[in-house]
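See structure below.
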Amino acid sequence: MFDRLQQRFLQYMMRRFVGNYNHTIPPGSTTVQGGDPEDAERRARNLLNEMSLSEKIDYISGIDSFATKEIPRLNIPRIYAADATSGVRCFGDSTNFPAGVAMAATWNRELIERVGDVVGKECRAKGASILLGPGVNIARVPTCGRNFEYMGEDPYLAGEMAASYINGVQRNGVITTIKHFACNNSDYDRHKTDSVVDERTLHEIYLPAFKKAVREAKSIGVMSSYNPINGVYASENAYLLQEVLREEWGFDGFVMSDWNSLYSTEGPIRNGLDIEMPGAKWLNEKNIQEAIDKKSISMKQIDGMVFNLLKSFIQAGIFDRPTVDANAPLKSKEHRSIALQTSDEAVVLLKNKRALLPLDRQKVHRIAVVGNNGLVTATGGGGSSYLIPEEGMHSIYDALRLSNSHGEVQYITSSRGLVDERDINFIVKADAVVIATGFNYISESEAYDRSWELPDHQQRLIEQMTAVNRNCIVILHGGGAMGCTPWIDVSSAVIHAMYLGQEAGNTIARILYGETNPSGRLPFTMAEHFDDYESVKNYVKDPAKMEMKRVKGGQGNPDKRKITKIEYKEGLKVGYRDTMKPLFPFGHGLSYTKFSLFKLQIQKDEEKLFPITVSSTVKNTGKVRGKEVIQLYIHDKEASVYRPEKELKNFFKIDLDPGRQKKISMVLHEEDFSFYDTQTHSWILEPGVFTILIGVSSSDIRLRSDIDIT
Ligand code: BGC
């Protein structure tokens, strides 16, 4: 499948990203005592005063791939960082949660906070004090190689999920670095694509999730991205790093560069970066000394960077504890059960014709499993977030076999998308055919974009299966939308599994047999055709076809070749804000039960306009227990500027027994009705009438009511 260059590139990627780094982490302890922010500032200042010029210069770059430098003379320990989000990647095994996009698909804030808490604890158990995540770059184009790591297309959903995750992690004294700041919305030639985006779109679509992570969840770290934004590289972008992040949002932590994402020495120092990772390529003693001598940077700037780092580390308590917490739990039974609950709640049932699912154990005896992801089920996309699945993990095939002790489950191999004629008989006679398809850590990965069409002739496989058996269940793996036509019409059931981590197989078996009632909802819009997305019209034609030599050649070297502009001409029309008719809308997901929604009430205070409380009653009208995600969108009826048709502003996940009903409430604040005004460079509320929309997807609105905000 791959030519030689591609093979070599893959080997490079495997070395760079897929290995498990096994550093030896010293238990270590220091004498410096932790404290509140003021105390941290005082202590950081004292340490700074003690440091020599070369110690300071040394401190603003990393060492050994994933660490900051120690200064034993001052009891400053080495601090370790680890990738990220679906678990703790370095230093051996850890609990492997679903990918970021699947976390977002749970729409369950409390659950994701528990995931963050587990990841924080496992970081402590392994001695990692900085977690290199979570990532909240918006899914602008469905083929971005890293969408799987991020939290979907909607700024509100991504912000809520990331904030919950960060709260969980940082509670354990582990620092998060929200990433990649900003507009790293595709991995196609990521060092060389300039995201050209207008101010309003930047603030309404691409920045809010970062803002929430920083302002509400208080992420101590931010990681800058590879790409330039409006012509200026993220790692030296004064507008983003200083004006927006520090001045407007009041951020007082540190900004870490993405790995090898500096392109000069002066730029990052002058414009708000605090540490270069993984080593001192640009921020080394020679370059810095020269710049100081030329007076193009000042000592005050270097001091500021060192101070931000020290203060943040002290504030998180890192200097006041052993590096490894020997009592912190790692891969415990409880952690595993949270991983299982997360993957159970992430799965999205897209389609279920003739109520094929859940499978009836009394009637379904023979199951055929086909497709690459059946035997070796993908647990995550590729690159720096990939955790090697541990031994003993169940694939979809294994898990189905184990849970169908009375029946027959067979895995049928295929070649170039075709099952051999000799095996077709089993398929024809099977009570159900599970087609486990989609991408994996090679076909969808950091550092390049993927195809829109299913890889490895899998469309052909689906067509061959659906031609001979009407009970076909297609299971998609991938970080977002992918081509589902024309086979979608002839497949009875379709599930989007995204990437589910270590419990992938178990969860799919539980969903198929109805032990788990699906409650994941799409955090992205699935269009019928790739070109339907407005954003795709302003993107490279076939992103998966980028030459590998372009990925490697000239990475990080600004002089090597020219930068391409990626113009975000669609503006706010991203995802469901787009005007196309989707195949499956944002927020969509079926259940094995039914819910009805009624009694919309809007309560506002007579005196103060905000907060406004919106409530409604939800009833489980079906036969089994289930969870529904009630989504609140706002439509601005009389705006003086263009506003998207509707925008998500809150949601509520509810768990109900059959026949039970419950009143739920959601709160709205002034900023939920506001838009970003480019005249005043701020968010403004324009008085007028708004419609509150309550639904179960962006297209399935069940209740609506107008509200006058004057
Ligand atoms: C990725 C980051 C990651 C870093 C360290 C980079 O290639 O873009 O997200 O944290 O590597 O592995």
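The values are calculated or read from the model by the stated rules, or taken from the named source; none is laboratory data. Computed from a predicted structure; not experimentally measured. Note: ideal-geometry Cβ built from the backbone for every residue, glycine included; neighbour counts use all protein chains shown.
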Qualifying residue in the stretch 435-442 (condition: closer than 30 Å to ALA82 by Cβ and either within 16 Å of the ligand (Cβ to nearest atom) or without any contact (Cβ under 8 Å) to a residue 40 or more places away in the chain (or both)): yes
Flag for SER52 being within 16 Å of the ligand (Cβ to nearest atom) and surrounded by fewer than 24 Cβ atoms within 10 Å (Cβ to Cβ): no
Enumeration of residues in the stretch 73-92 that are away from the ligand (no atom under 16 Å from the Cβ), of a type in the set (A, V, I, L, M) and in contact (Cβ under 8 Å) with a residue 40 or more places away in the chain: ILE76
Contacts under 7 angstrom Cβ, first residue in the stretch 367-385 being assigned to a loop (DSSP other than H, G, I, E, B), partner within 13 Å of the ligand (Cβ to nearest atom) and among the acidic types (Asp, Glu), 6 or more apart: GLY381/GLU149; GLY383/GLU446; SER384/ASP83; SER384/GLU446; SER385/ASP83; SER385/GLU149
Candidates ALA182, ALA163, ALA102, ALA128 - the one that is out of contact with any strand residue (DSSP E or B) (no Cβ under 8 Å at 6 or more places or on another chain) and crowded, with 24+ Cβ neighbours inside 10 Å: ALA163
Qualifying residues in the stretch 131-178 (those that are more than 16 Å from the ligand (Cβ to nearest atom) and of a type in the set (Ser, Thr, Tyr)) - the one farthest from CYS484 (Cα to Cα): SER164
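Could you please let me know if LEU375 is crowded, with 18+ Cβ neighbours inside 10 Å and under 16 Å from ALA497 (Cβ atoms)?
For LEU375, the condition - crowded, with 18+ Cβ neighbours inside 10 Å and under 16 Å from ALA497 (Cβ atoms) - is not met.
Residue-wise test of (1) surrounded by fewer than 20 Cβ atoms within 10 Å (Cβ to Cβ); (2) among the polar types (S, T, N, Q); (3) at pLDDT below 95.
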| residue | (1), (2), (3) |
| --- | --- |
| GLU444 | no, no, no |
| ALA447 | no, no, yes |
| GLU463 | yes, no, no |
| ILE473 | no, no, no |
| GLY478 | no, no, no |
| GLU503 | no, no, no |
| ARG510 | no, no, no |
| PHE524 | no, no, no |
Subset of the stretch 93-130 (residues that are within 16 Å of the ligand (Cβ to nearest atom) and over 14 Å from ALA162 (Cβ atoms)): SER94, CYS123, LYS126, ALA128, SER129, ILE130
Test: residue in the stretch 24-37 that is among the acidic types (Asp, Glu), farther than 20 Å from LEU330 by Cα and at pLDDT below 95: yes
Qualifying positions in the stretch 173-206 - polar (S, T, N, Q) and part of a strand (DSSP E or B): THR176, THR177, THR193, SER195
Criterion: more than 16 Å from the ligand (Cβ to nearest atom), surrounded by fewer than 22 Cβ atoms within 10 Å (Cβ to Cβ) and closer than 30 Å to LEU522 by Cα - qualifying residue of ARG422, ARG354: ARG354
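I'd like the full set of residues that are over 25 Å from the mean Cα position of the chain (by Cα) and part of a helix (DSSP H, G or I), limited to the stretch 334-365. Even if it seems obvious, please write down each step before you answer.
Step one: filter the stretch 334-365 for residues over 25 Å from the mean Cα position of the chain (by Cα), giving 352-365.
LYS353, ARG354, ALA355 - these are the residues of the stretch 334-365 that are over 25 Å from the mean Cα position of the chain (by Cα) and part of a helix (DSSP H, G or I).
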Residue identified as over 18 Å from the mean Cα position of the chain (by Cα), touching a residue at least 40 places away in the same chain (Cβ under 8 Å), away from the ligand (no atom under 16 Å from the Cβ) and surrounded by fewer than 24 Cβ atoms within 10 Å (Cβ to Cβ) among THR193, THR201: THR201
Some residue of the stretch 683-694 being within 29 Å of the chain's Cα centre (by Cα) and of a type in the set (D, E, K, R): no
Residues of the stretch 589-606 classified as at pLDDT 95 or above, under 18 Å from LEU703 (Cβ atoms) and out of contact with any Ser or Thr (no Cβ under 7 Å at 6 or more places or on another chain), total: 0
Unique residue being farther than 25 Å from ILE297 by Cα and within 16 Å of the ligand (Cβ to nearest atom) when the list is ALA217, ALA213: ALA213
All positions within the stretch 372-387 that are in contact with a helix residue (DSSP H, G or I) (Cβ under 6 Å, 6 or more places away or on another chain) and away from the ligand (no atom under 16 Å from the Cβ): GLY374, LEU375, THR377, THR379
Pairs, first in contact (Cβ under 8 Å) with a residue 24 or more places away in the chain in the stretch 215-237, second more than 16 Å from the ligand (Cβ to nearest atom) and aromatic (Phe, Trp, Tyr), C-beta under 6 Å, six or more apart: ARG215/TRP249
Residue in the stretch 573-588 that is closer than 29 Å to ASP657 by Cα, at pLDDT 95 or above and of a type in the set (D, E, K, R) present: no
Those residues of the stretch 55-72 which are away from the ligand (no atom under 16 Å from the Cβ), buried (at least 20 other Cβ atoms within 10 Å of the Cβ) and β-branched (Val, Ile, Thr), in sequence order: ILE57, ILE60
Any hit, the stretch 267-276, residues being in contact with a strand residue (DSSP E or B) (Cβ under 8 Å, 6 or more places away or on another chain) and within 14 Å of the ligand (Cβ to nearest atom): yes
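Test of understanding: among GLU113, GLU122, which residue is modelled with pLDDT of 95 or more, part of a helix (DSSP H, G or I) and surrounded by fewer than 24 Cβ atoms within 10 Å (Cβ to Cβ)? Before you say what the answer is, go through the steps one by one.
Numbers: GLU122 fails: surrounded by fewer than 24 Cβ atoms within 10 Å (Cβ to Cβ).
Among GLU113, GLU122, only GLU113 is modelled with pLDDT of 95 or more, part of a helix (DSSP H, G or I) and surrounded by fewer than 24 Cβ atoms within 10 Å (Cβ to Cβ).
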Within the stretch 412-437, considering residues that are of a type in the set (Ser, Thr, Tyr) and either touching a Gly at 6+ places or on another chain (Cβ under 6 Å) or not in a strand (DSSP E or B) (or both), the one farthest from ARG401 (Cα to Cα): THR437
Where ALA399 falls short, out of the listed (1) among the aliphatic types (A, V, I, L, M); (2) within 19 Å of ASP93 (Cβ to Cβ); (3) buried (at least 20 other Cβ atoms within 10 Å of the Cβ): (2)
